[in-house]
Amino acid sequence: MRVALLEAATDILETEGPDALSVRRIAAAAGVAPMGVYNHFESKFGIVDALFIQGFARLSEAMDAAAQVRDPYEALRESGRRYRALALAHPMVYQIMFLRPVPGFEPSALAVESAAAAFDKLVAAVQRAMAAGVIVDGPPFETARLIWASIHGWMALELMGIGDPTDQDTGFDRVCSTMLDGLNPEAAQRGQARRSPTRSL
């Protein structure tokens, strides 16, 4: 029954938006009495929390798949592509995960742990790329946040239909290239040279 309830909630969320989520609607869509929802999730927020956790479980699986790419640089690019594919496949669940569209919802401790576990896999991908010398060495956590912020920013704009929607695939690839090329060690050295003050002889 839990699986059926989550599937019903996902369908309502993706087709009608977060305002349509209610215990009665979810129960009716799953073909159970409202008490069946309370037995498994306690409240509507319990269902939203489960969707949050499910979303990050999918993201963790996507990061695991990207980690199988042998080239560390390309593995980072693949991480971005899979992140975007997940957001496009489940746009409203993505908003549950990152944009908090349900008023009053706060992720549980377990949900926060699931999000952190997914992010840790991006940190591991960054560490791998640093060890291979394909991106500049530095604090892996901070670099992972920079990468995530860039990709998330693009996805927020794309999902909201902001900007030029004519060729989102090419635009996303350009964002990834610009970001990762900027983390190239040689590019970082050039940037450091430009920032260093000129000393008079």
### Task
Taking the options Ala156, Ala132, name whichever one is touching a residue at least 60 places away in the same chain (Cβ under 8 Å) and at negative phi.
Ala132
### Which listed residue is outside any loop (DSSP other than H, G, I, E, B), modelled with pLDDT under 90 and within 22 Å of Met63 (Cα to Cα), from Asp173, Asp181
Asp181
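Okay, residues lined up against (1) in contact with a Cys (Cβ under 9 Å, 6 or more places away or on another chain); (2) touching a residue at least 12 places away in the same chain (Cβ under 8 Å); (3) assigned by TED's automatic domain parsing to the domain that holds Leu180; (4) farther than 23 Å from Val175 by Cβ:
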residue: Pro34; (1), (2), (3), (4): no, no, no, yes
residue: Phe56; (1), (2), (3), (4): no, yes, yes, no
residue: Met63; (1), (2), (3), (4): no, yes, yes, no
residue: Val69; (1), (2), (3), (4): no, no, yes, no
residue: Leu86; (1), (2), (3), (4): no, yes, yes, no
residue: Ala89; (1), (2), (3), (4): no, no, yes, no
residue: Tyr94; (1), (2), (3), (4): no, yes, yes, no
### Query
Does at least one position in region 142-153 carry a residue that is surrounded by 18 or more Cβ atoms within 10 Å (Cβ to Cβ) and over 23 Å from Phe98 (Cβ atoms)?
no
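What helices (runs of 4 or more DSSP H) completely inside region 1-96 contain at least 3 residues that are crowded, with 19+ Cβ neighbours inside 10 Å and at pLDDT 95 or above? Explain how you work it out, then say what you get.
Details: elements: 2-16, 23-30, 34-41, 44-66, 72-89.
Answer list for region 1-96: 44-66, 72-89.
In region 128-141, what residues are part of a helix (DSSP H, G or I) and surrounded by fewer than 16 Cβ atoms within 10 Å (Cβ to Cβ)? Give the steps one after another, and end with the answer.
So the first thing to find is which residues in region 128-141 are part of a helix (DSSP H, G or I), and the list is 128-132, 140-141.
Within region 128-141, Ala131, Ala132, Phe141 qualify.
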### Task
For Leu159, work out the one condition from (1) in contact with a helix residue (DSSP H, G or I) (Cβ under 7 Å, 6 or more places away or on another chain); (2) at pLDDT 95 or above; (3) under 28 Å from Ala50 (Cβ atoms) it doesn't fulfil.
(2)
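The values are calculated or read from the model by the stated rules, or taken from the named source; none is laboratory data. Since the model is a prediction, treat every value here as computed from it, not as a measurement. Note: ideal-geometry Cβ built from the backbone for every residue, glycine included; neighbour counts use all protein chains shown.
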